[in-house]
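The block underneath contains the structure these notes are about, expressed in structure tokens.
FYI, it's all coordinate maths here, none of it is from the lab. All values reported here derive from a predicted model rather than from experimental measurement. Cβ coordinates were reconstructed from backbone atoms using ideal geometry, including for glycine residues, and neighbour counts include every protein chain displayed.
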Amino acid sequence: MHRNSRRRPYRPFGYYFISTNVSEGYMFLNRNIFGFLLEHVLHLSAQLHHVKLVAYKINPDHVHLIAQIGPRGTISDYMGSWKRQFSRQMNQILFREDFRTAGYPGEDSNPRLRNSQNFKWQSSYHSHLITSRQDFDNHVKYILNQHEHHELPENKFCYVDNDHVFKFK
């Protein structure tokens, strides 16, 4: 184990509030093509890793989510999976010649994105084990209110599974 690694406690079927940031604070995720791609990758990785994705909000430079870990696997497995897959696909888009020279069709031209280096996430993330119904409800409200907190014009790329029943174990 790396000497700076932090052991994360895992609770099977536990609910976790997780936050992670884009490296160097680039505002990549407010562009529709990248927001829709990340939504797809979040859901696909959740299925592959037996994770129940309860809620998320994709902000321009960071993501908040609530996930319930299944009987096997860890938060680290899930986070590593979707961050790696999204980064790979994002860099394929960013380094396409037509994207670099003319902008992506249907998107406004943004030289900062076109001239950027590799897309990267910050290497770590924050995770919080949700310990009560009130804690759960507070984090769902926090996710739903992100657009106001960051003064965003709309609450796009926000998801809450309204059919999900919180079962604290």
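Within the stretch 15-160, the percentage of alpha carbon pairs spaced more than 22 angstrom apart rounds to 40%. With contacts taken as Cα pairs under 8 Å at a separation of at least 6 residues, the stretch 15-160 carries a relative contact order of 36 percent.
At a 10 Å Cβ-Cβ cut-off, how would you order Ser87, Ser124, fewest neighbours first? Mind showing how you got there, number by number?
Numbers: Ser87 17, Ser124 13.
Arranged by neighbour count, lowest to highest, Ser87, Ser124 become Ser124, Ser87.
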